[in-house]
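J.: Pasting a structure here, questions to come.
Every read-out reported here was derived from the displayed coordinates using simple, explicitly stated rules and does not represent laboratory data. Just so it is clear, the structure is predicted and the values come from calculations on it, not from any experiment. Cβ coordinates were reconstructed from backbone atoms using ideal geometry, including for glycine residues, and neighbour counts include every protein chain displayed.
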Amino acid sequence: MLKELMATTAIGLLTLMVPLGAVSASNDARPFKGSGNVMLEYVEDAGCGEFGRAQMSSEGRATHLGRLEMTATHCASYAPAGGEATMVAANGDALFLGYSGTCDESGSCSIDAQVTGGTGRFEDASGDAAFTVQFGAPQADGSIVGVWVWTGSLGY
């Protein structure tokens, strides 16, 4: 009787472990795209030189996140480098990104981003994205409003 119980228990555990192992090992890249609006503000930051620090906040929608809020910051220049961004889904799960790129005097930017991790279901996320951002003229308060769109891949 004890042998039968142990054999049944072992088979049951193996049956459960096979699907769980297959699910947890999955980090396949999937298409990742989104768009939204962004507001850019410059703040003084002695470590960033004459242009200061660019701080961006935005709202939009993306595959795998749905409605999202994103914040980003980098030392301001026509070639932003070393920027960091966080995308937060409506449920609180977040994606972390590093980025660099170029902007021209018309306010058109091309940004390459790398997914560096996240929280919740995105804890071990990886991937990349190509952003296109178009900023308008400065507002009366000095902020600059624009729109962004991106395509890429995301694994989690």
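J.: For SER106 paired with SER126, estimate the spin-label separation in nm (one decimal), with each label point 7 Å from Cα along the Cα-to-Cβ line.
T.: 3.7 nm
J.: Here's something else I'd like to know. What net charge is computed for the residues neighbouring GLU44, neighbours being all others with C-beta under 13 Å from the C-beta of GLU44, Lys and Arg scored +1, Asp and Glu -1? Walk me through the numbers before you get to the answer.
T.: Values: positive: ARG53; negative: GLU41, ASP45, GLU50.
Neighbourhood net charge equals -2.
J.: Cα centroid distance between segment 124-156 and segment 82-106, in Å?
T.: Result: 7 Å between the Cα centres.
J.: In nm, what is the difference between 0.36 nm times the number of residues separating ASN91 and THR63 and their Cα-Cα distance?
T.: 8.7 nm
J.: Which translational diffusion coefficient, to the nearest whole µm²/s, is obtained for segment 28-155 from the Stokes-Einstein equation, given a Kirkwood hydrodynamic radius over C-alpha pairs, 10 °C and 1.306 mPa s?
T.: Reported coefficient: 108 µm²/s.
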